[in-house]
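Enquirer: Below is a structure I'd like to ask you about.
The values are calculated or read from the model by the stated rules, or taken from the named source; none is laboratory data. Small disclaimer: the values here were computed from a predicted structure and weren't measured. FYI the Cβ positions are ideal-geometry reconstructions off the backbone, even for glycines, and counts take in every protein chain you see.
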Amino acid sequence: MLLDGDAWKSLMQGFQNEAWRLETLPVYRSPSEDGNIRDFLAGQRVDPETYSSAYTEGLRVLTAEGKMKGRVHVVTRPLTSYLQFEFMYYGVHSRAGDDIRILDVTDRPHLLDGAPDFWLLDRSTVVLMHYAEDGTQTGRELHEGDPAPFLEYQRVAVAESVPFREYVQRWPSSLTS
């Protein structure tokens with residue numbers, strides 16, 4: 001089943017305990033981010049101490065409710081300009097409660113090679129995220145099969161990754177082009 005609009009919103013707001021995401025692409029394209037990316041490339045940065053948005057406020061509410069939202073992003077160095085932009089927000093989002101981890105496969109075997117981008121909700125509902133080659137989202141699909149392979153992807157991703165803050169301390173030069 002393809003998910004869009006209210007069905008997608010309802011699913012993402014209706015999880016009970018955990019919403020977890022595997023991100024595998026070096027670039028995600030969304031027209032809503034175009035202006036922010038242009039500003040970032042021109043040198044503008046958000047202040048992680050003062051930045052607030054509907055997303056960060058939502059994370060704080062989820063955390064207060066005892067729910068968890070997290071992700072692992074698979075990357076290689078050098079980071080794309082898009083990933084540098086996204087990492088700026090990862091800093092803010094991790095402060096607000098998003099458990100963000102980075103799996104850098106630059107100098108090691110890529111244990112998740114071929115794994116799709118997906119959301120795993122409450123360890124039972126899988127939403128496959130579909131993208132064009134340029135990173136533009138082309139659809140979301142509710143996976144109607146066994147979630148076990150996706151639980152294994154999550155296990156490997158979490159075990160092999162490091163927390164976002166640890167990653168940027170280890171590789172600070174990757175944050176600039």
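Enquirer: Which of the residues that make up region 63-84 are more than 20 Å from residue 129 (Cα to Cα) and buried (at least 19 other Cβ atoms within 10 Å of the Cβ)?
Expert: Listed by number, the list holds a single entry, 79.
Enquirer: Also: Of the residues that sit in region 143-162 and are in contact with a helix residue (DSSP H, G or I) (Cβ under 9 Å, 6 or more places away or on another chain) and touching a residue at least 40 places away in the same chain (Cβ under 8 Å), which one is surrounded by the fewest Cβ atoms within 10 Å (Cβ to Cβ)?
Expert: Initial filter on region 143-162 (in contact with a helix residue (DSSP H, G or I) (Cβ under 9 Å, 6 or more places away or on another chain)): 143, 161-162.
Narrowing further to those that are touching a residue at least 40 places away in the same chain (Cβ under 8 Å): 161-162.
Working: 161: 21, 162: 16.
Result: 162.
Enquirer: Quick one: is residue 154 farther than 16 Å from residue 88 by Cα, among the polar types (S, T, N, Q) and assigned to a helix (DSSP H, G or I)? Don't jump to the end; show me each part of the working.
Expert: Values: farther than 16 Å from residue 88 by Cα: yes; among the polar types (S, T, N, Q): yes; assigned to a helix (DSSP H, G or I): yes.
Answer is yes for this residue.
Enquirer: Go through region 118-143 and report how many residues are assigned to a loop (DSSP other than H, G, I, E, B) and under 16 Å from residue 9 (Cα atoms).
Expert: Of region 118-143, the ones assigned to a loop (DSSP other than H, G, I, E, B) are 122-124, 132-135.
Applying the additional criterion that residues be under 16 Å from residue 9 (Cα atoms) yields 122.
Qualifying residue count for the region: 1.
Enquirer: Ok, one more. What's the number of the condition residue 122 fails, among (1) within 16 Å of the chain's Cα centre (by Cα); (2) within 23 Å of residue 68 (Cβ to Cβ)?
Expert: (1)
Enquirer: Continuing with the same structure: Mind checking which residues of region 49-62 are β-branched (Val, Ile, Thr) and surrounded by 15 or more Cβ atoms within 10 Å (Cβ to Cβ)? Write out each step before concluding.
Expert: Initial filter on region 49-62 (β-branched (Val, Ile, Thr)): 50, 56, 61.
Result: 56, single match.
Enquirer: Report, by residue number, each residue of region 96-117 that is in a strand (DSSP E or B) and either modelled with pLDDT under 95 or under 12 Å from the mean Cα position of the chain (by Cα) (or both). Before you say what the answer is, go through the steps one by one.
Expert: Looking only at region 96-117, we keep the residues that are in a strand (DSSP E or B), and these are 99-104.
Within region 96-117, 99, 100, 101, 102, 103 qualify.
Enquirer: Surrounded by fewer than 14 Cβ atoms within 10 Å (Cβ to Cβ), out of contact with any Lys or Arg (no Cβ under 7 Å at 6 or more places or on another chain), at pLDDT 95 or above and more than 21 Å from residue 115 (Cβ to Cβ) - does that describe any residue in region 17-32?
Expert: Within region 17-32, the first condition is being surrounded by fewer than 14 Cβ atoms within 10 Å (Cβ to Cβ), and the residues that meet it are 17, 30-32.
This time we only want the ones that are out of contact with any Lys or Arg (no Cβ under 7 Å at 6 or more places or on another chain), so: 30-32.
Imposing the further condition that a residue be at pLDDT 95 or above reduces the set to none.
No, because not a single residue in region 17-32 is surrounded by fewer than 14 Cβ atoms within 10 Å (Cβ to Cβ), out of contact with any Lys or Arg (no Cβ under 7 Å at 6 or more places or on another chain), at pLDDT 95 or above and more than 21 Å from residue 115 (Cβ to Cβ).
Enquirer: Taking region 143-177, which residues are β-branched (Val, Ile, Thr) and within 30 Å of residue 1 (Cα to Cα)? Break it down into steps so the answer makes sense when it comes.
Expert: Of region 143-177, the ones β-branched (Val, Ile, Thr) are 156, 158, 162, 168, 176.
Residues satisfying the conditions are 156, 158.
Enquirer: Only one of 140, 165 is touching a residue at least 40 places away in the same chain (Cβ under 8 Å), buried (at least 17 other Cβ atoms within 10 Å of the Cβ) and not aromatic (Phe, Trp, Tyr); which?
Expert: Working: 165 fails: buried (at least 17 other Cβ atoms within 10 Å of the Cβ).
On inspection, the qualifying residue turns out to be 140.
Enquirer: Right, residue 128: without any contact (Cβ under 8 Å) to a residue 24 or more places away in the chain and surrounded by 14 or more Cβ atoms within 10 Å (Cβ to Cβ) or not? Reasoning before the result, please.
Expert: Working: without any contact (Cβ under 8 Å) to a residue 24 or more places away in the chain: yes; surrounded by 14 or more Cβ atoms within 10 Å (Cβ to Cβ): yes.
Yes: the conditions hold for residue 128.
Enquirer: Sticking with this one: Do we have residue 46 as modelled with pLDDT of 95 or more and surrounded by 15 or more Cβ atoms within 10 Å (Cβ to Cβ) here? Walk me through it before giving the result.
Expert: Working: modelled with pLDDT of 95 or more: no; surrounded by 15 or more Cβ atoms within 10 Å (Cβ to Cβ): yes.
It is false that residue 46 is modelled with pLDDT of 95 or more and surrounded by 15 or more Cβ atoms within 10 Å (Cβ to Cβ).
Enquirer: Of a type in the set (A, V, I, L, M) and under 22 Å from residue 150 (Cβ atoms): which single residue out of 42, 19, 64 fits that description?
Expert: One residue alone meets the criteria, 19.
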